[in-house]
Amino acid sequence: MDVAWAPDEQRRRESRLTAFAGVAPETAVLAQGYDYRGLHAWSVADRETFWSRVWDFCGVLGDKGDAVLAEGDLMPGARWFSQARLNFAENLLRPRAQEAPAIVFYGERRARRRLTYAELCGEVGALADYFSSIGISPGDRIAAYVHNGPEAVIGLLAAASIGAVWASCSPDFGVAGVLDRFAQIEPKALIVSDGYFYKNEGLDRLQQAREIVAKLPSVHETLVVSYIGAENPLEGFVKARRWRSVIEARPNSPLRFARLPFDHPLCIMFSSGTTGAPKCIVHGAGGTLLQHLKEHQLHCDVRPGDRAFYATTTGWMMWNWLVSALASEATILLYDGFPLDRDGAALFDLAQNERATLFGVSAGYLRAIEKQGLKPRETHDLSALRLIASTGSPLAPQSFDYVYRDVKANTQLASISGGADILSCFVLGNPWSPVYRGEIQGPGLGLAVEAWDASGRRVNGREGELVCTRSFPSMPLGFWNDPHGAPQRPGPKYRDAYFSCFPNVWRHGDFATQTRNGGFVIHGRSDATLKPHGVRIGTADIYRIVESMPEIEEALAVGQDHEGAESILLFVKLHGGFALERSLVDRIKRKLKEEASPRHVPAAVLAAPELPHTRSGKLVELAVRDVMRGREVKNREALANPQSLDFFAALAKAPAT
């Protein structure tokens with residue numbers, strides 16, 4: 001792989017990672033040589049010292065205690081910082097200048113709002129006082145069906161300040177999808193937006209909110225946020241109040257932070273739910289805080305006064321990740337609406353206007369704006385931008401070329417990969433190492449990440465299962481309502497999800513290669529791996545080749561059983577004006593054969609009007625595979641466009657020709 005970018009001496013020397021590594025004798029020599037592989041090896045070999053130093057270096061507010069790790073060889077079962085007491089919200093609202101900007105919000109073509117640190121603290125204090133007044137106690141759940149605005153951040157921080165457990169869905173979810181999630185956790189309070197804007201249209205969600213509340217008997221009160229200005233927002237609700245009236249009724253409410261155990265539950269994340277009911281993944285406050293501080297400061301070089309942005313919704317883990325940047329005294333930039341508004345330029349408008357230093361988007365977004373011909377390098381001032389991050393799906397080598405050619409030449413491009421399961425990243429960037437075209441820079445510090453073959457042997461330079469061989473603080477506490485589930489006694493669903501393949505080793509479900517540069521290439525979900533001629537290949541390897549063709553907007557591959565063997569069906573969504581002619585099919589097959597291998601060549605290439613995605617934008621290969629095999633997709637509500645499956649269902653029923 002070619003070096004796409006490398007940090008200069010000044011950038012390495014002034015990074016937070018260098019400051020962290022330079023404070024101790026055993027790592028100072030690594031800091032002098034900017035030896036990331038050596039630092040990572042130390043962080044895994046001496047996890048107790050590493051994570052204790054992260055606590056100290058990042059200035060965690062709380063009582064650390066003396067015990068860092070107990071039963072560290074157990075996974076699950078290891079206990080981190082068992083004597084510690086802290087509060088997540090206290091760490092995000094650590095003292096700073098009262099007029100310092102905390103949140104900047106852009107709503108699609110309309111709303112803009114700015115909150116100073118003092119204003120944010122005031123609203124969090126008022127909302128926390130309200131929650132306490134209606135009887136919410138530590139461990140109670142607060143759910144939110146809200147747009148990506150300041151109210152969502154305020155809600156999370158207010159819940160965390162009193163020890164309540166937060167869960168959120170974006171308002172583009174349908175009623176069934178929300179109930180599949182919230183009904184499992186029985187929230188005591190519900191926050192709802194009256195609607196949201198998308199593609200320049202205001203979409204009312206009050207009726208959906210009423211239906212949701214009616215089927216959640218656990219909810220004591222509902223707070224209604226007025227965003228699109230829908231009329232009569234309280235009509236049809238029981239025990240509902242307007243958000244603004246609740247906040248304004250409690251001026252000067254003092255901020256109080258309940259210091260709770262390290263493993264006190266902070267939030268519940270939901271799996272996509274495309275193969276059944278969504279899993280309710282419970283994350284602890286301490287592990288989430290430490291992991292996010294480490295990723296922001298040591299990996300993304302976030303500093304006080306920086307401005308961090310990620311294009312996300314409240315239903316995706318990257319929202320939680322972005323909010324945590326407040327703990328590093330950064331300003332967080334929020335955007336709600338269609339990310340490709342203004343022909344893809346809307347997000348770069350925000351980055352330019354607000355002097356973003358960290359700019360995060362999905363791999364699909366970068367692919368889309370490249371095909372639209374957007375060249376932000378020529379149209380926007382991105383001089384403040386130090387880091388572009390990408391996640392959601394593997395970032396193709398061509399997208400690296402596009403970023404450095406047409407977005408910004410002198411910037412770090414960090415492809416990152418992890419998930420809701422750990423509320424963070426297993427592999428990501430760092431400010432010391434070069435960026436190699438098509439590669440993620442390396443494993444996260446403190447995480448023993450490797451690629452293994454099916455027999456449990458480590459493999460380098462070839463594809464394997466992404467695993468983590470040693471415990472880490474941000475492992476989930478368990479699944480909600482998993483029988484006998486607890487951090488020291490995880491339930492059967494939790495064990496089956498991550499530890500059924502390799503005992504005492506976390507199997508993440510991604511297919512990956514560790515490269516000779518020390519980086520990683522993600523090939524897609526291992527449960528969607530193709531096996532033509534019995535050889536496993538990742539779907540991302542097909543997509544990066546096919547989607548480089550100008551005629552193809554995106555592609556999806558599934559395996560099809562044929563006479564005891566598996567062949568590949570490739571579905572493509574074409575750009576407007578193109579047709580799937582025989583010559584294009586031949587070029588697709590030839591390109592795959594030449595740039596990948598004969599095994600990557602599909603048995604058939606078919607045009608599809610649209611391809612199914614989760615609500616966070618990820619392709620859903622398993623749903624298409626199930627439909628093509630005559631199986632029922634159990635949770636269509638988990639999809640952003642469930643109607644897309646109708647094409648595949650009709651195709652599966654069509655007589656063979």
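The values are calculated or read from the model by the stated rules, or taken from the named source; none is laboratory data. Given the structure is predicted, the values throughout are model-derived calculations rather than measurements. Cβ atoms come from the backbone with ideal geometry, glycine included; neighbour counts cover every protein chain shown.
Condition check ((1) surrounded by 14 or more Cβ atoms within 10 Å (Cβ to Cβ); (2) out of contact with any strand residue (DSSP E or B) (no Cβ under 7 Å at 6 or more places or on another chain); (3) modelled with pLDDT of 90 or more; (4) within 30 Å of MET318 (Cα to Cα)) across all residues:
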| site | (1), (2), (3), (4) |
| --- | --- |
| VAL572 | yes, no, yes, yes |
| GLU581 | no, yes, yes, no |
| LEU592 | yes, yes, yes, no |
| PRO612 | yes, no, yes, yes |
| LYS653 | no, yes, no, no |
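With respect to being surrounded by 24 or more Cβ atoms within 10 Å (Cβ to Cβ) and touching a Pro at 6+ places or on another chain (Cβ under 6 Å), THR391 falls outside the description.
Being in a loop (DSSP other than H, G, I, E, B), touching a residue at least 60 places away in the same chain (Cβ under 8 Å) and either more than 30 Å from ARG495 (Cα to Cα) or not assigned by TED's automatic domain parsing to the domain that holds GLY155 (or both) narrows it down to one of PRO233, PRO254, so name that one.
Just one listed residue meets the conditions, PRO254.
Scanning the stretch 435-484 for residues that are among the aromatic types (Phe, Trp, Tyr) and within 30 Å of PRO261 (Cα to Cα) gives PHE472, PHE479, TRP480. Scanning the stretch 498-513 for residues that are farther than 14 Å from GLY456 by Cβ and surrounded by 20 or more Cβ atoms within 10 Å (Cβ to Cβ) turns up TYR498, HIS508, ASP510, PHE511, ALA512, THR513.
Just one of the numbered conditions (1) surrounded by fewer than 18 Cβ atoms within 10 Å (Cβ to Cβ); (2) under 30 Å from PRO397 (Cβ atoms); (3) modelled with pLDDT of 75 or more; (4) touching a strand residue (DSSP E or B) at 6+ places or on another chain (Cβ under 8 Å) is not true of ARG516: (4). Per the listing PHE338, PHE262, PHE270, the residue uniquely modelled with pLDDT of 95 or more and in contact with a helix residue (DSSP H, G or I) (Cβ under 8 Å, 6 or more places away or on another chain) is PHE262.
Contact map, the stretch 74-97: first residue assigned to a helix (DSSP H, G or I), second residue of a type in the set (D, E, K, R), Cβ cut-off under 8 Å, separation 6 or more or different chains; pairs are GLU90/ARG259.
Just one of the numbered conditions (1) under 22 Å from LEU428 (Cβ atoms); (2) buried (at least 23 other Cβ atoms within 10 Å of the Cβ); (3) touching a Phe, Trp or Tyr at 6+ places or on another chain (Cβ under 9 Å) is not true of ASN410: (2). Among the helices (runs of 4 or more DSSP H) confined to the stretch 547-657, the ones with at least 1 residues that are under 24 Å from LEU179 (Cα atoms) are located at 621-628, 645-653.
Taking the stretch 352-384 as the range and being crowded, with 17+ Cβ neighbours inside 10 Å, over 30 Å from PRO612 (Cα atoms) and touching a helix residue (DSSP H, G or I) at 6+ places or on another chain (Cβ under 9 Å) as the test, the residues that pass are GLN352, ALA356, HIS380, LEU382. Only one of the numbered conditions (1) surrounded by 14 or more Cβ atoms within 10 Å (Cβ to Cβ); (2) more than 28 Å from the chain's Cα centre (by Cα); (3) in contact (Cβ under 8 Å) with a residue 12 or more places away in the chain is violated by VAL23, and that is (1).
When SER43, SER52 are screened for being among the hydroxyl-bearing types (Ser, Thr, Tyr) and within 25 Å of the chain's Cα centre (by Cα), only SER43 passes.
Restricting to the stretch 397-407, name every residue that is surrounded by fewer than 22 Cβ atoms within 10 Å (Cβ to Cβ) and within 22 Å of the chain's Cα centre (by Cα). Once the filter is applied, which keeps residues that are surrounded by fewer than 22 Cβ atoms within 10 Å (Cβ to Cβ) and within 22 Å of the chain's Cα centre (by Cα), the stretch 397-407 yields only PRO397. Restricting ILE191, ILE212 to those that are crowded, with 17+ Cβ neighbours inside 10 Å, in contact (Cβ under 8 Å) with a residue 40 or more places away in the chain and in a strand (DSSP E or B) reduces the list to ILE191. Looking at the stretch 131-144, can you tell me whether even one residue there is without any contact (Cβ under 8 Å) to a residue 24 or more places away in the chain and either surrounded by fewer than 24 Cβ atoms within 10 Å (Cβ to Cβ) or not charged (D, E, K, R) (or both)? Yes, some residue in the stretch 131-144 is without any contact (Cβ under 8 Å) to a residue 24 or more places away in the chain and either surrounded by fewer than 24 Cβ atoms within 10 Å (Cβ to Cβ) or not charged (D, E, K, R) (or both).
Applying the set (1) more than 15 Å from the chain's Cα centre (by Cα); (2) crowded, with 23+ Cβ neighbours inside 10 Å to ILE416 leaves exactly one unmet item: (1). Residues in the stretch 220-260 that are under 30 Å from LEU61 (Cα atoms) and of a type in the set (Lys, Arg): ARG250, ARG256, ARG259. Among the residues making up the stretch 499-526, those that are under 19 Å from the mean Cα position of the chain (by Cα) and either assigned to a loop (DSSP other than H, G, I, E, B) or not basic (Lys, Arg) (or both) are TRP506, HIS508, GLY509, ASP510, PHE511, ALA512, PHE520, VAL521, ILE522, HIS523, GLY524, SER526. Do we have ILE103 as surrounded by fewer than 23 Cβ atoms within 10 Å (Cβ to Cβ) and more than 30 Å from GLU201 (Cβ to Cβ) here? No: the conditions fail for ILE103.
Filter the stretch 87-103 down to residues that are among the basic types (Lys, Arg) and under 21 Å from the mean Cα position of the chain (by Cα), then give me how many there are. Of the residues in the stretch 87-103, 0 are among the basic types (Lys, Arg) and under 21 Å from the mean Cα position of the chain (by Cα). Taking the listed residues GLY478, GLY442, the one that is crowded, with 22+ Cβ neighbours inside 10 Å and touching a Pro at 6+ places or on another chain (Cβ under 6 Å) is GLY478, with no other qualifying.
Taking the stated definitions as given, is ARG109 surrounded by fewer than 23 Cβ atoms within 10 Å (Cβ to Cβ) and touching a residue at least 40 places away in the same chain (Cβ under 8 Å)? Taking the combined requirement at face value, the residue satisfies it. Given the structure, is VAL282 among the β-branched types (Val, Ile, Thr), at pLDDT 95 or above and part of a helix (DSSP H, G or I)? No, not satisfied.
Residue-wise test of (1) closer than 25 Å to GLY478 by Cα; (2) loosely packed, with under 14 Cβ neighbours inside 10 Å; (3) in contact with a Lys or Arg (Cβ under 9 Å, 6 or more places away or on another chain); (4) not charged (D, E, K, R).
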position	(1), (2), (3), (4)
THR27	no, no, yes, yes
ASP46	no, no, no, no
VAL54	yes, no, yes, yes
GLY65	yes, yes, yes, yes
